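What follows is a single structure, written as structure tokens, with notes after it.
The values are calculated or read from the model by the stated rules, or taken from the named source; none is laboratory data. Every value quoted in this text rests on a predicted model; they were computed, and no experiment measured them. For neighbour counting, all protein chains shown are included, and Cβ atoms are generated from backbone atoms with ideal geometry for every residue, glycine included.
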Amino acid sequence: MMDGASLEPVGVIRSTLRDRAQAPRQGAEGAPDAWLEVRPRFARALSGVSAGDEVLVITWLHRADRGVLEVHPRDDPAAPLAGVFATRSPDRPNPLGLHRVTVREVAGPRLRIGPIEAIDGTPVVDIKPALGPSDR
């Protein structure tokens with residue numbers, strides 16, 4: 001077990017999406033671009049990130065229900081219940097979001113990225129380079 005595990009957000013998403021009901025299920029389903037604001041103490045970690053890069057943004061889905069273990073996939077009541085580990089539901093015991101996005105612009109400690117379905121104020125816990133199609 002991971003006694004004492006903790007995460008420190010490295011940044012935050014600034015998006016036109018204000019609540020979960022507005023957000024598409026996945027970025028490729030009509031999500032807008034957004035700004036990822038990196039906290040000043042982590043700004044040097046952006047060295048080498050450039051416009052055009054594909055990155056994986058790992059978020060903490062702060063409005064998730066951590067007690068949910070089963071869902072109807074895509075909120076379709078006609079679909080049989082499935083465990084959250086078999087779905088991309090934001091409601092899960094440890095609500096980490098994984099978003100493959102393109103860096104559109106680098107402006108100091110801010111990245112314009114997209115498309116991303118994360119809502120405004122979503123904490124970012126890490127950013128990693130995307131390595132290839134297997135990251136999708």
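A few notes on this one:
- When restricted to residues that are in contact (Cβ under 8 Å) with a residue 24 or more places away in the chain, out of contact with any Pro (no Cβ under 7 Å at 6 or more places or on another chain) and among the hydrophobic types (A, V, I, L, M, F, W, C), the stretch 102-136 contains 9.
- Hits in the stretch 2-25 (condition: over 14 Å from Arg112 (Cα atoms), in contact with a strand residue (DSSP E or B) (Cβ under 9 Å, 6 or more places away or on another chain) and surrounded by 13 or more Cβ atoms within 10 Å (Cβ to Cβ)): Pro9, Val10, Leu17
- Applying the set (1) touching a Leu at 6+ places or on another chain (Cβ under 6 Å); (2) exposed (fewer than 12 other Cβ atoms within 10 Å of the Cβ); (3) of a type outside the set (Gly, Ala, Ser) to Arg41 leaves exactly one unmet item: (1).
- Matching entry among Ala78, Ala82 (being among the aliphatic types (A, V, I, L, M) and exposed (fewer than 11 other Cβ atoms within 10 Å of the Cβ)): Ala78
- Verdict on Asp126 being at pLDDT 95 or above and either out of contact with any Ser or Thr (no Cβ under 6 Å at 6 or more places or on another chain) or surrounded by 12 or more Cβ atoms within 10 Å (Cβ to Cβ) (or both): yes
- Flag for Ala64 being surrounded by 16 or more Cβ atoms within 10 Å (Cβ to Cβ), out of contact with any Ser or Thr (no Cβ under 6 Å at 6 or more places or on another chain) and not charged (D, E, K, R): yes
- Checklist (1) surrounded by fewer than 18 Cβ atoms within 10 Å (Cβ to Cβ); (2) outside any loop (DSSP other than H, G, I, E, B) applied to Trp35, failing item: (1)
- Arg92 vs. criteria at pLDDT below 95, assigned to a loop (DSSP other than H, G, I, E, B) and crowded, with 16+ Cβ neighbours inside 10 Å: yes
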